[in-house]
Amino acid sequence: ETAATPSDDPAETLDAVVVGAGFAGMYLLYQLREQGRSVVVFEAGADVGGTWWWNRYPGARCDVPSMEYSYSFDPDLEQEWNWTELMAGQPEILRYARHVADRYDLRPDIVFETTVTSAHWDEGDRRWLVTTDSGRRVRARWCLMATGCLSVPNTPNLPGLDEFAGTVLHTGRWPEQWPDLAGKRVGIIGTGSSGVQAIPELAEQAGHLTVFQRSPVYTVPANNRPLAPEIVAEFKARYPEIRDRQRDSVSGFLGPAALRRPKPRAVEDRGRGGDDTGTPAGTAQPERTRSGLLDLSEQERREAFDRNGPGAFMRFRDVYLDPEANEVACELFRREIDKVVEDPAVAEALKPTDYPLACKRQVLDTDYYRTFNRSDVTLIDLRHHPLQTITGAGVRTEAGQVELDVLVLATGFAAMTGALSRIDIRGRAGRRLSEAWSGGPRTYLGLQVAGFPNLFTVTGPGSPSVLANMIVAIEHHVDWIVDCIAHLDVVGATTIEPSPEAVDDWVDHVNEVADDTMYTAPNCNSWYLGSNIDGKARVFMPYVGGFGRYRRHCDDIVADDYRGFVLDAS
Ligand code: FAD
Ligand code: N01
């Protein structure tokens, strides 16, 4: 802790406690300070950056273009920072987060290596009493959860894991000092975004890499490359316009369309948000056509795939909505794997067959399929050779034992609710959040929970969050929250919380827009649905209706005197 950190008074009183110092917590701190409020931020990690502090595995990078995956709140910051690659790697994003912390002198109000363990609403005091694992107790009117959607790694209950004599590493908790893998026998479990990014890099570093695959993945080339100075210059010159279009888009970013001159839209179309194709948000290709894949002849479909590669499917809206179109795209996608992977048996094993495209978060890769042509990489298909147990020496499947020095778990996160469920949060009448959410998370706009006054969740379940460019989603939520807090002061209210009816209506709406998309197909099991965590309710958690539409909805609610919220001045 620095000298400027708030004192260790057993129950000091501040305006706000922020939990987490990733992009959300840092921006909250900045904005609350701008309003002149007293704030402390607690962060479990040893520095700022959140996701980018913890996920240091080889190959970690963002897959939203960096010129767009960055803060927009200060034009000077936009102008002075120079991204070097189209999609920045983890070290560069962490440097950016640190630059922001230094530039706005954020660290004095952040207490690192400190975990918030409980937050209890005190009805008499009308404040939250927040407690940390270091024994710190802070009373605050506002309790702001910037705890991250993907901040709690999921370590599955693999039999015998504790017996393993080698090193176990989780991609979401990769050590700062990378272990030397040269000559080592490395195994990896998990072929989601993290595994797909790590596998080509681990293959380079290790003596031999064995990939234990349960579900094959639909992954498309990221086409990452160095950023040309003229592209950077054009972005910087046009940032205000590009940011406006991001905020109005389906997924909070524009991708290849960013530097194209936008076509003027009809007046009645303006501000409706999104690309207006009716395609759900959250795909890696924000630009979509109105046309369907099924509108094309077989020849035209093949040509589209030959021209644009396996990512071609992302342009067709029916792929996201119509199982028949989806299966056509899946088949074309599988054909692409045959083109790259030399061993037909390996190619076959890498083909997803039992769930649709666009059901899980789209994965982007660099040289993923080609990696399986290496003689020092082995694929074990757990669908055909189930994992039996981890032993002291390695991993035993029905195909036999694979001896390993290092086992990497790329097994994902307790997403969206994991970090909140680890904190003992109690609202009015001592009601626990875990109880309120026992059937799945229930929020109004992903921002607030009924019965938990003055507690806000940044990019909480029920908001576009993980289906959008998250920095854009974070800035929107933080701005909304600090404006709301300022409004309460103006009208003389002390608390705000949603009515139970507003929560019910919003949850219904969140479900309704997700129904009949691939996200909720009966054979889709994703972390969006909580399916990766044993015992978690199957509920589609993010809002798929589009970021632009959601943002306008939030604006309308404010304009309508915070419709659905209860403000109390007593
Ligand atoms: P986080 O960065 O997760 O920060 C939350 C912080 O809260 C963490 O540091 C955590 O330690 C802390 N915390 C949690 N609970 C407590 C507690 N009880 N006490 C104290 N501290 C606590 N999004 C995109 O939009 N584009 C991308 O390309 C992209 N790539 C990603 C790549 C990876 C490998 C991962 C894991 C995620 C990626 N994401 C991406 C999502 C990413 O999480 C967000 O973009 C963004 O960084 C989230 O910021 P945040 O501040 O909301 O949460
Ligand atoms: O996690 P995941 P992730 N035995 O849950 C497997 C963001 N992100 O860390 O599908 C065997 O997607 C599991 O198999 P299955 C992004 O939002 C972004 O990769 O359950 N295997 C799956 O293959 C992303 O969606 C980037 O059958 C087991 C894998 O582990 C989110 O973070 C990069 C298993 C988990 O995949 C999470 O991605 C990285 C078991 N017991 C992360 N348990 C970008 O590039 C799990 N698996 C932007």
Per the rule of 0.36 nm per residue minus the C-alpha distance, extending ASP122 to VAL490 adds in nm 130.2 nm
Quick calc, the chain, dipole around Cα centre from Cβ unit charges on Lys, Arg (+) and Asp, Glu (-), nearest 20 debye, gives 180 debye
In degrees rounded to 10, the 0-90 angle between helix 323-340 Cα long axis and the longest Cα principal axis of the chain is 60 degrees
Full extension between ARG173 and GLU348 adds, at 0.36 nm per residue less the Cα distance, a length in nm of 59.8 nm
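Can you list, largest first and rounded to whole Å, the semi-axes you get for segment 44-96 by taking the square root of 5 times each eigenvalue of its Cα gyration tensor?
19, 14, 8
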The size of the Cβ-based charge dipole (Lys, Arg +1; Asp, Glu -1) of segment 143-209 about the Cα centre, to the nearest 20 debye, is 80 debye
Rounded to the nearest 10 degrees, the helix 90-103 long axis (Cα) sits at an angle to the longest Cα principal axis of the chain of 20 degrees
For the chain, longest principal axis from Cα atoms; helix 547-559 axis from its Cα atoms; angle between them, nearest 10 degrees, is 10 degrees
Here the convex hull volume per residue of segment 359-501, taken over Cα atoms and given in Å³, is 190 Å³
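Any idea how many Lys pairs in the chain come in under 21 angstrom at the alpha carbon, given 8 or more places apart or on separate chains?
Details: LYS236/LYS263; LYS339/LYS351; LYS351/LYS360; LYS360/LYS536.
For the chain, qualifying lysine pairs total 4.
Using +1 on the beta carbon of Lys and Arg, -1 on that of Asp and Glu, and nothing else charged, what's the dipole of segment 322-376 about the Cα centre, debye to 20? Working shown, then result.
Values: 8 positive and 13 negative charges, 39 e Å.
Dipole of segment 322-376, to the nearest 20 debye: 180 debye.
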Kirkwood Rh for the chain from C-alpha pairs, in Å, is 24.7 Å
Expressed in angstrom and rounded, the centroid-to-centroid distance over alpha carbons for segment 470-549 and segment 50-65 is 24 Å
Once both label points are put 7 Å beyond Cα along the C-beta direction, the TYR104-ASN308 separation in nm becomes 3.7 nm
In whole percents, the bins of 10 Å from zero upward hold the Cα-Cα pairs of segment 418-489 as 19, 48, 30, 3
Probe 1.4 Å, all chains present, heavy atoms only: TRP128 accessible area in Å², nearest 10, is 0 Å²
With label points set 7 Å from each Cα along the Cα-to-Cβ direction at THR378 and GLN401, the distance between them in nm comes to 1.3 nm
Farthest towards the positive end of the dipole of the chain, among ALA11, ILE189, ALA281 and with Cβ unit charges of +1 on Lys and Arg and -1 on Asp and Glu, lies the Cα of ILE189
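Net charge near PRO498, counting Lys/Arg +1 and Asp/Glu -1 over other residues with Cβ under 11 Å of its Cβ?
Details: positive: ARG442, ARG563; negative: GLU497, GLU501, ASP504, ASP505.
Neighbourhood net charge equals -2.
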The relative contact order of the chain, taking Cα pairs under 8 Å that sit 6 or more residues apart, comes to a percentage of 20 percent
For segment 41-183, Rg(Cα) over 2.2 N^0.38 Å is 1.29
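The values are calculated or read from the model by the stated rules, or taken from the named source; none is laboratory data. Note that the coordinates shown come from a computational prediction; the quantities given were computed from them, not determined experimentally. Here the Cβ is made from the backbone with ideal geometry for all residues, glycine too, and neighbour counts use every protein chain on show. Side chains are part of the model used for accessible areas, which takes the heavy atoms of the whole protein and leaves out ligands, DNA and RNA. Shrake-Rupley method; radii C 1.70, N 1.55, O 1.52, S 1.80 Å.
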